[in-house]
Amino acid sequence: GYVVATVPQMGTSVADHRLAFTMTDMLLHAEDLLFASRYLQSKYGSEKIGLIGHSSGSIAEALAVDSFQYNALVSLDGAISTTDGNELLNEEAFSADKVTLPVLNLYVDGKRKLNLELLDRMSNAERFHFAFDKALHFDFQNWPLYALLTGKSDPRIEGYRSSKQGAAVFLAATRMTLQFLDAFLKEDKHKLVAFRQGSMSPETGKVVVKFHYEGIGE
C-alpha cells in the first residue's frame, strides 16, 4: 500500500562518499530527501508522504521538514534524541515549534547522551516516545534479523543480548512504523487510538519498556 524510496547517505563525490556528522553534510542529505520526495509527488501524485530516518538520518529529516509538506516523521534511534543532535540542530537555529507533523521516536532504553529537549520543544506536534529494552543502535536496521536467519553471530553483542532478542526489536520497530504510517497517512482510526494509548501488540510489549505521549500544546 506504499511507494517507498530509499535515500542513501552519500557524500559530495564518488571519491569521498562518506557523510560526516556536520551541518554541511546533514543539509546535503536533507537535499537528497527533498529530491526524492518531490519526485514521488510528481510521478505518483502522492498526497501524503512520511519520512523514516535512522541515526543521523533523523537530523536530515528535521531539516527537510522546513522545505516540504510531510505528514509523518519516524526516528529510529535517531540523533534527534541525543545531546549531539540537539546541539547540531540548535547550531542551525532549527525552529522546533514550527514542526506540526506527528513524530514517532523509537530509541534504545538507557541510551548514552539521550536528550529529548528538542522533541519537547515541538509542542505543536504529537510525539510518541517508545524505549526498547536490551536493544542496540543497529537493531533498528535488519542486521539482527540477518544474523538470526543465517545463524551467524555478531561478536559485538555477545553477552549483551541474543540475536533472537535483536530480531524481536527490529520486527517490533518495523511493525510500529507501519502502524504509525497507517494511522496518520491512511487515517486508520483504530491504530491512531492504539498509538495514543500506547497499547501496541503483545509482540511489541516484549521489547518496549517505556511509553510517553505528548499531545499538541504539551
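The values are calculated or read from the model by the stated rules, or taken from the named source; none is laboratory data. These numbers were taken from a predicted model, which means no experiment stands behind them. Ideal geometry is used to build each Cβ from the backbone, glycine not excepted, and the neighbour counts take in all protein chains shown. For accessibility, only protein heavy atoms count, side chains too; no ligands or nucleic acids. Shrake-Rupley method; radii C 1.70, N 1.55, O 1.52, S 1.80 Å.
Couple of notes before you dig in:
- Among the candidates Asp77, Asp32, residue that is in contact with a helix residue (DSSP H, G or I) (Cβ under 9 Å, 6 or more places away or on another chain) and either open to solvent by 10 Å² or more (accessible area, probe 1.4 Å) or aliphatic (A, V, I, L, M) (or both): Asp32
- The single residue among Tyr146, Tyr107, Tyr160 that is over 26 Å from Leu27 (Cα atoms), free of Cβ contacts under 8 Å to residues at least 60 places away in the same chain, hydroxyl-bearing (Ser, Thr, Tyr) and not in a loop (DSSP other than H, G, I, E, B) turns out to be Tyr146.
- Test: residue in segment 129-142 that is open to solvent by 30 Å² or more (accessible area, probe 1.4 Å), under 28 Å from Val99 (Cα atoms) and not hydrophobic (A, V, I, L, M, F, W, C): yes
- Selection status of Ala147, in contact with a Ser or Thr (Cβ under 8 Å, 6 or more places away or on another chain), more than 17 Å from His54 (Cβ to Cβ) and either open to solvent by less than 20 Å² (accessible area, probe 1.4 Å) or at pLDDT below 90 (or both): yes
- Residue among Ser13, Ser42, Ser55, Ser46 that is hydroxyl-bearing (Ser, Thr, Tyr) and buried (at least 20 other Cβ atoms within 10 Å of the Cβ): Ser55
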